[in-house]
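Worksheet: one structure, shown below.
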Amino acid sequence: YPVEMLEFLRLMQMTTEDTRGKPLKDFDYSRTISAANEASVLTSVVEAVTRQLNKYPNSEEEDAALIKDKAMFRLLSYNQRMAIRHRRNEKRLLKRTIAALENQIRKQGLDDPDLLTRAEGSTLGQLLPGDERKYGLKQKTALEDRLDKMGLPVDIK
């Protein structure tokens, strides 16, 4: 899933508990806003992918069984056979996307509603488990955030 989609969804999932009256333009949507916001974002993607998967008239297993029945499968035209293979592969990709997102939710501790906090007006973002290694990010300090917003270099060496 593209980073731009996550940034858009982070904005769309903002609540008054996240902003605490601060303007939306003050937040950095390239970073996790809060644990609760990120959980909402990832869950919305899982729900959208699941809805798309449920639109298919039959399951991946039914397509696989059809492909496995060589005698029946050969009776279909070349285009029909390729369409069935393509449809089965689409379903596989959607299922893998769901599994990867659910794994990310679990690894980052976003599956426990008691641990999900909101930004409460902080525009610094929140570093979740695995973000530092995955994205090369570190938790921003208030000073780094102010320097960044003023367009000044953050790393002064």
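What the table below lists for this structure:
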| quantity | calculated |
| --- | --- |
| Verdict on Arg146 being modelled with pLDDT of 80 or more, of a type in the set (Lys, Arg) and either in a helix (DSSP H, G or I) or within 29 Å of Val46 (Cα to Cα) (or both) | no |
| When residues of the range 40-53 are limited to those that are free of Cβ contacts under 8 Å to residues at least 24 places away in the same chain and open to solvent by 50 Å² or more (accessible area, probe 1.4 Å), the one farthest from the chain's Cα centre (by Cα) | Arg51 |
| Members of the range 54-97 that are among the basic types (Lys, Arg), in a helix (DSSP H, G or I) and open to solvent by 70 Å² or more (accessible area, probe 1.4 Å) | Lys68, Lys70, Arg74, Arg85, Arg92, Lys95, Arg96 |
| Search result, residues across the range 6-44 that are assigned to a helix (DSSP H, G or I), in contact with a Leu (Cβ under 6 Å, 6 or more places away or on another chain) and among the β-branched types (Val, Ile, Thr) | Val41 |
| Residue within the range 52-60 that is aliphatic (A, V, I, L, M) and either at pLDDT below 95 or within 30 Å of Thr123 (Cα to Cα) (or both) present | no |
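The values are calculated or read from the model by the stated rules, or taken from the named source; none is laboratory data. Just so we're clear, the structure is a prediction, and the values are computed from it rather than from any experiment. Note that we place each Cβ from the backbone using ideal geometry, even for glycine, and neighbour counts take in every protein chain shown. Areas reflect the complete protein model, heavy atoms only, side chains present, ligands, DNA and RNA absent. Shrake-Rupley method; radii C 1.70, N 1.55, O 1.52, S 1.80 Å.
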